[in-house]
Amino acid sequence: MRRSYKFLLRPTAKQTAALTACLDDHRTLYNAALEHRRTAYAKAKVSIRYGDQSAELKHIRADDPHGQARWGFSSQQATLRRLDKAFRAFFDRVKAGRTPGFPRFKGRGRFDTVTWPKDGDGCRWDSQPEHPAATFVRLQGVGHVRVHRHRPVRGRVKTISVKREGSRWFVVLSCDDVPASPLPATGAVVGVDMGVASLATTSDGEHLASPRHLAASAGKLADAQRDLARKKRGSARRRKAVARVAALHGKVRRQRVDGAHKAANALARDYDVIVCEDLRIANMTKAPAPKPDPDRPGAFLPNRAAAKAGLNKNILDAGWGVFLTILVHKAESAGRELITVNPANTSRTCARCGHRAAENRVTQAGFRCTACRHEAHADVNAAINILRAGLALRDAAQAA
Ligand SMILES: [Zn+2]
């Protein structure tokens, strides 16, 4: 199986300057290649392809010995391929009749990753498994950069990327042939409801990864974004506000990934079969109802509270995606069975008698069946329904 690892880099001041220059030059290359394609298309209706631009690279490097020529050939090709991908997506959107959105020039802060497609070609992962402290990544034009390898890397390193997040630098490895490490069978099955008060609630009544800290950071982020919107363009205060928003984004992301890892680890450790919601469907069914404007039929009321709730919701939504991605990997690695089900009606159906009614859901957390008087935590009730739906799917599949 394939897996990626992300580690903090500890570059020296000189290496930091080189990393910044490396990123800037790759961004310049991206923008120049984009300009080239635009002009050719606007003036002569000619489509420039990746192959044409890649062939130009050696001239570009020869003309700029102290600039572009410092970096690896293959990382520059990867940058041109990235532009090619943006154009393919653009043409696909045109074909599909959607809003095309022409590929855009990348400003500073909008281009934060450089990728080397092959370990050993312009880059080298240098790690001794027994000595995590002696881990480095060698990057052409940058040097031998120290890596904080907080967990072992398994499998074969395929691609190496360097990523800037705020003022920090990371290396991301994509590895192939990562061996699975099956966990002993537990004989237990579980249904998982993804929610707002807790990231995940199990059919056994456990609440995993309560996003309390995340919600606090999300609130601060909303405030910081409002603050940023009031600052004058080009001012020193605006730059500070931008840095603050970026730092809070980073914090939210780290908290989210951390919570998702903990919840997914607990599930993969304790259960052989894990049933959860199909996220594409969950996102639609869980969208909050917009408030209609009574004076204008078909229009909706804007309000600040809703905007803030909207942001919170976006953050939680993204949390579900991160959680499911991590859970899929952990389950595969541990040899667990993961089943996804359509979550429609799981929150309004009574897990004891099967009676389905919107009135069953009395509050965000409270469930009381109007038919049999069964009372439960709403998320636990939903998780039991999810488990049941998953086991039914599994039985049907085994019978077929
Ligand atoms: Zn009931």
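Pairs of Cα atoms under 8 Å, at least six residues apart: use those to get the relative contact order of segment 104-209, whole percent.
18 percent.
For LYS14, list the aspartates and glutamates whose Cα falls under 12 Å from its own Cα; do not include residues on the same chain fewer than 8 positions away.
none
What percent does the relative contact order of the chain come to when contacts are Cα pairs within less than 8 Å and at least six residues apart?
With pairs under 8 Å counted, the relative contact order is 15 percent.
Sort 380-391, 340-351 by packing, meaning the average of other beta carbons within 10 Å per residue, with the highest value first.
Taking the mean over residues of other Cβ atoms within 10 Å, the ranking is 380-391, 340-351.
If amide H atoms are built 1.01 Å from N in the plane of the peptide, which residues on other chains or at least 5 residues away come under 5 Å of the amide H of ARG10?
The answer is ARG146, VAL147, HIS148.
Which Cα, out of ASN360, SER4, LEU267, lies furthest along the positive dipole direction of the chain (beta carbon charges, K/R +1, D/E -1)?
Of the options given, the answer is SER4.
Which of SER127, SER167 comes first, and how do the rest follow, when ranked by fewest Cβ neighbours within 10 Å?
SER167, SER127
Could you tell me which helices of the chain pass both thresholds, a Cα extent of 24 Å or more along their own axis and a mean Kyte-Doolittle hydropathy of at least -0.5, with helices taken as whole DSSP H runs?
Span-like helices here: 212-229, 304-334, 378-399.
Might you list the cysteines of the chain that have no disulfide-compatible partner by the rule of another cysteine's Cβ under 4.7 Å?
Those would be CYS22, CYS123, CYS175, CYS276, since no other cysteine Cβ in the chain comes under 4.7 Å of theirs.
Under a Cβ-only charge scheme (Lys and Arg +1, Asp and Glu -1), can you give me the dipole magnitude of the chain about the Cα centre, in debye to the nearest 20?
Magnitude of the dipole: close to 1980 debye.
Please work out the C-alpha center-to-center distance from segment 41-113 to segment 120-156 and express it in whole Å.
One Cα centre to the other: 29 Å.
Restricting to Cα pairs below 8 Å that are 6+ residues apart, what does the relative contact order work out to for segment 201-264? Please round to a whole percent.
Over segment 201-264, the number comes to 42 percent.
Given the DSSP H assignment, sum -39500 (n - 2.57) over each helix run of at least 4 residues in the chain and divide by its residue total; what's the result at 222 nm in deg cm²/dmol, nearest 500?
-16000 deg cm²/dmol, from helical runs alone.
Which of the aspartates and glutamates could a cross-linker span from LYS163 if the Cα-Cα distance has to be under 15 Å and same-chain partners fewer than 8 positions apart are dropped?
Correct list for LYS163: ASP24, ASP25, ASP112.
If you take the beta carbon distance between ALA397 and LEU8 as r and set R0 to 60 Å, what does 1/(1 + (r/R0)^6) give as a FRET efficiency, to the nearest 0.05?
Rounded to the nearest 0.05, the efficiency is 0.90.
Can you spot the lysines whose alpha carbon is less than 20 Å from LYS330's alpha carbon? Ignore those fewer than 8 places along the same chain.
Cα-Cα hits under 20 Å: LYS6, LYS262.
Read the figures in this text as sums done on the coordinates, not as results from a lab. Predicted, not measured: the structure shown is a model, and the values here were computed from it. Ideal geometry is used to build each Cβ from the backbone, glycine not excepted, and the neighbour counts take in all protein chains shown.
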